[in-house]
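Please read the structure below before turning to the comments.
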Amino acid sequence: MRRGTLLARRSNTWPAQPKCRNKGRAIDVRIGKLSSSGLQGRGSQPGRLAQWSRKLVSVLVLVASVTALALIVESQHGQRMFGDPLQGMPDPGSVQSREAAVFNQSEESRYRALSEFVAKRYRVSQDVSFDLVSLAHQEGNRVQLDPLLIIAVIAIESRFNPIAESGAGAKGLMQIIPKYHTDKLEEFGGEQAVFDPATNIQVGSRILREYIRRTGNIGIALQMYAGALGDTEDQYTTKVLNERRRLQQVLSSPPRASSPDA
């Protein structure tokens, strides 16, 4: 009896099962905001940040690669991969370079023609004659003296022999007498420098230029240079000017085609 009573009391106190109005239907249970946008806004925010970081790094790497490639192409080929805002405008540096290149080409052609003439006429090496012609032009431009006149004086005085020496003590290409021009030779190391071709041409050109300024007449200056002011026929002047005329004809004549042997 006691056991039955306990059972009956248990069944009387057991809570009744609540009735569900949505029986047989799906129940949408919401705990806070669990929508798809909410999940993306909270749970995936670090992932999106990492994704943007990776994209930014990729863009930076791409920009660095393109810049490096542009620098390599420009350094090797002198071409720009991107538009230059100054493109189309003449570059002063490039214009000057082109002018210098044209000038050097014409200058070398002039030296070649003169050196070939000198080498054949005076039987000297063409390499040596080219160097002497170049030195004459360099010093002539420096002291404002016709380079062809300097070459003509060398031809008459020494026939392009750098160690020529006369009985009167004249030495070198332009037959300078050292005892009369020690002050000019001192700048180059003394009298022993008179046989140096470059020194001899520099000193001889300065002496001739000084005589021209002093007299105001090329003929008289040449006679003074040769120490022949007493020559009323001006034979030395005639020789030098005739030689300069030949050199001028070499430059005025059209260039000849080189033979296969040459």
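The values are calculated or read from the model by the stated rules, or taken from the named source; none is laboratory data. Treat the numbers as computed from the prediction; the structure is a model and nothing was measured. Backbone-built Cβ (ideal geometry, glycine too); neighbour counts: all protein chains shown. When the accessible area is computed, the model is the full protein with side chains, heavy atoms only, and any ligands, DNA or RNA have been set aside. Shrake-Rupley method; radii C 1.70, N 1.55, O 1.52, S 1.80 Å.
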Query raised in the report: Any residue at all in region 188-200 that is over 26 Å from LEU229 (Cα atoms), at pLDDT below 95, over 36 Å from the mean Cα position of the chain (by Cα) and of a type outside the set (Gly, Ala, Ser)?
Result: yes
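Each row is one residue, and each column tells you yes or no for (1) among the charged types (D, E, K, R); (2) touching a Leu at 6+ places or on another chain (Cβ under 6 Å).
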| site | (1), (2) |
| --- | --- |
| SER134 | no, no |
| GLU139 | yes, no |
| GLU165 | yes, no |
| ILE176 | no, no |
| GLU191 | yes, yes |
| ASN200 | no, yes |
| THR215 | no, no |
Report task. Restrict the check to region 237-257 and report whether at least one residue is charged (D, E, K, R), open to solvent by 70 Å² or more (accessible area, probe 1.4 Å) and at pLDDT below 95. Result -> yes
Requested in this report: Six or more apart or on different chains, Cβ under 8 Å: which pairs go from a residue in region 173-184 that's closer than 16 Å to ILE151 by Cβ to one that's open to solvent by 30 Å² or more (accessible area, probe 1.4 Å) and in a loop (DSSP other than H, G, I, E, B)? Could you list them?
Outcome: LEU173/ASN161; LEU173/PRO162; GLN175/SER166
Query - Residue pairs meeting the criteria (Cβ under 8 Å; at least 6 apart or on separate chains; first over 15 Å from ILE163 (Cα atoms), in region 192-206; second not in a helix (DSSP H, G or I)) - result: GLN202/PHE188; VAL203/MET174; VAL203/ILE176; VAL203/HIS181; VAL203/PHE188; SER205/LEU145; SER205/MET174
Requested in this report: For GLY169, work out the one condition from (1) within 13 Å of ARG209 (Cα to Cα); (2) assigned to a loop (DSSP other than H, G, I, E, B) it doesn't fulfil.
Outcome: (1)
Query raised in the report: Can you tell me which of ILE150, ILE177 is closer than 17 Å to LEU132 by Cα and at pLDDT 95 or above?
Result: ILE150
Report task. Check ARG214 against each of (1) crowded, with 17+ Cβ neighbours inside 10 Å; (2) basic (Lys, Arg); (3) free of Cβ contacts under 8 Å to residues at least 24 places away in the same chain and name the one condition it does not meet. Result -> (1)
Report summary line: For region 106-123, pairs from a residue that is more than 15 Å from LEU148 (Cβ to Cβ) to a residue that is open to solvent by less than 80 Å² (accessible area, probe 1.4 Å) and of a type in the set (Ser, Thr, Tyr), with Cβ under 7 Å and 6 or more apart or across chains, are ALA119/SER125; ALA119/SER129
Requested in this report: Can you run down the residue pairs with Cβ atoms below 9 Å, 6 or more apart or on separate chains, where the first is in region 225-254 and free of Cβ contacts under 8 Å to residues at least 40 places away in the same chain and farther than 19 Å from VAL118 by Cβ and the partner is of a type in the set (D, E, K, R) and open to solvent by 60 Å² or more (accessible area, probe 1.4 Å)?
Outcome: ALA228/ASP234
Report summary line: Only one of SER158, SER125, SER134, SER129 is hydroxyl-bearing (Ser, Thr, Tyr) and closer than 20 Å to GLN235 by Cα, namely SER158
Query raised in the report: Between residues in region 138-165 that are part of a helix (DSSP H, G or I) and residues that are aromatic (Phe, Trp, Tyr), which pairs lie under 7 Å by C-beta distance while being six or more apart or on different chains?
Result: ILE154/PHE160; ALA155/TYR122
Report summary line: Of the residues in region 135-181, those that are on the phi > 0 side of the Ramachandran plot and open to solvent by 50 Å² or more (accessible area, probe 1.4 Å) number 2
Report summary line: Flagged pairs (Cβ under 7 angstrom, 6 or more apart or on separate chains; first in region 47-64, touching a residue at least 60 places away in the same chain (Cβ under 8 Å) and on the phi > 0 side of the Ramachandran plot; second open to solvent by 100 Å² or more (accessible area, probe 1.4 Å) and in a helix (DSSP H, G or I)) are none
Query - region 130-163, residues that are over 26 Å from the mean Cα position of the chain (by Cα) and charged (D, E, K, R) - result: ASP146, GLU157, ARG159
